[in-house]
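Chemist: One structure, pasted below without further comment.
The values are calculated or read from the model by the stated rules, or taken from the named source; none is laboratory data. Note that the coordinates shown come from a computational prediction; the quantities given were computed from them, not determined experimentally. Don't worry about glycine lacking a Cβ; one is built from the backbone with ideal geometry, like all the others, and counts go over all protein chains shown. To get the accessible areas, we keep the full protein, side chains included, count just its heavy atoms, and leave off ligands, DNA and RNA. Shrake-Rupley method; radii C 1.70, N 1.55, O 1.52, S 1.80 Å.
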Amino acid sequence: MLQLSNSPPRMRTLASLEQSYELCRQITAYYAKTFYLATWLLPAPKRRAIWAIYAWCRSTDELVDGPQSGATTPETLDRWEKQLESVFAGHPVDDTDVALVNTVERFPIEIQPFRDMIAGQRMDLYRSRYETFEELNLYCYRVAGTVGLMSTAVLGVDKSNYTSPWNCWRDIYIPTDEAVVLGIAKQLTNILRDVGEDARRGRIYLPLEELALFNYTEQDLFKGVVDERWRELMRFQIQRARKYFTKAEKGISALIPDARLPVWAALMQYQKILDAIERNGYDVFRNRAYVSTPRKLLSLPIAAMRAQVL
């Protein structure tokens, strides 16, 4: 989708603001169907801002994992970070930048999570293995936990409980940790869903010491061996991902009410990917786990109830 050029940028007319947001919407709809459905539950200004953020994140990911990623170097990511700085200074470079410039002007978004995400892509340039979960967790924070931080600035925090005289002295609770944890939970889910796809690219994101714990080897993984060792390993990984989702749930009530249903919906629909992996007998090599639209829609009433009472 994206590859930066080594040549100096040419002056050209960029997309209008409406065209830019529409392009961001199309990118989100195409690449993130589950996430995209949840964004429609947000008010229009927040929904459009989330699309702008997603489009930037997708472009960033494409630099390392896209069709032209073989040409990406550390210098490519340096140039991408300079372009990010230009966006935050109010100067768009690409068509999708126009929407992102507008987004960072309207919402209190900080640049550091974007920088951290680029640092995560730098890890992918040099690494195709992670020895421990601690190493993997850092990677997951950079490429996905950061999205939670970006999004929270758009979604907004509920301050209504802090206006009364007996509560005004309390610090407003901002669910930063939960936002990061939700991003990590989603990334862990992506990793489990995409084991086979990543293996075909020579990548293993499951911690190697955990493969060893279940006596499962890299060679077994590249061959797509599904046996009791693999199933036990996957049960372990799924259980951990679910614990992360549970931790993230505790922060949703701190958000502004109009953001709670979309976050509950996205969280619950992503959890269903784990259910799909289990239904497929943990065979992520030959069967891609996905959630059908009817299953997604069936989760909405429960998400709405949780948004009201939890």
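Chemist: What distance in nm separates the simple spin-label points at ALA212 and GLU22, each placed 7 Å from Cα in the Cβ direction?
Modeler: Inter-label distance under the simple model: 5.6 nm.
Chemist: Given a 10 angstrom Cα cut-off, can you work out which residue in THR73, THR146, THR103 is the most mobile in a GNM of the chain?
Modeler: It is THR73.
Chemist: Over the chain, how many pairs of lysines fall under 17 Å by alpha carbon, counting only those 8 or more apart in sequence or from different chains?
Modeler: So the count works out to 12.
Chemist: Follow-up question, since we're still on this one. Please give the charge dipole size of the chain, origin at the Cα centre, charges +1 on K and R Cβ atoms and -1 on D and E Cβ atoms. Round to the nearest 20 debye. Write down the numbers at each step before the final one.
Modeler: Values: 40 positive and 38 negative charges, 182 e Å.
Rounded to the nearest 20 debye, it is 880 debye.
Chemist: Residue separation times 0.36 nm, minus the C-alpha to C-alpha distance between ALA44 and VAL225: what's the value?
Modeler: Stretched out fully, the ALA44 to VAL225 stretch lengthens by 60.6 nm.
Chemist: At R0 = 25 Å, how high is the FRET efficiency between GLU131 and ASP177 if r is their beta carbon distance? Nearest 0.05 is fine.
Modeler: Numbers: r = 25 Å, r/R0 = 1.01.
The formula returns an efficiency of 0.50 here.
Chemist: Considering only protein heavy atoms, what per residue accessible area in square angstrom results for segment 258-310 with a 1.4 angstrom probe?
Modeler: The answer is 50 Å² per residue.
Chemist: What full-extension length gain, to one decimal in nm, is calculated for ASN287 and ASP65 as 0.36 nm per residue of separation minus the Cα-Cα distance?
Modeler: 77.8 nm
Chemist: Can I ask one more? With n ≥ 4 as the cut-off for DSSP H runs, can you work out [θ] at 222 nm for the chain, using -39500 (n - 2.57) per run divided by the number of residues, rounded to the nearest 500?
Modeler: Numbers: 15 runs with 202 residues, N = 310.
Estimated from H runs of four or more residues: -21000 deg cm²/dmol.
Chemist: May I pose another question? R0 = 22 Å: FRET efficiency of THR13 with ALA89, Cβ-based, nearest 0.05?
Modeler: Details: r = 20 Å, r/R0 = 0.90.
That pair, THR13 with ALA89, gives E of 0.65.
Chemist: Continuing with this model, one more query. What is the percent carbon and sulfur in the accessible area of the chain, measuring with a 1.4 Å probe over the protein chains and ignoring ligands?
Modeler: C and S atoms contribute 54 percent here.
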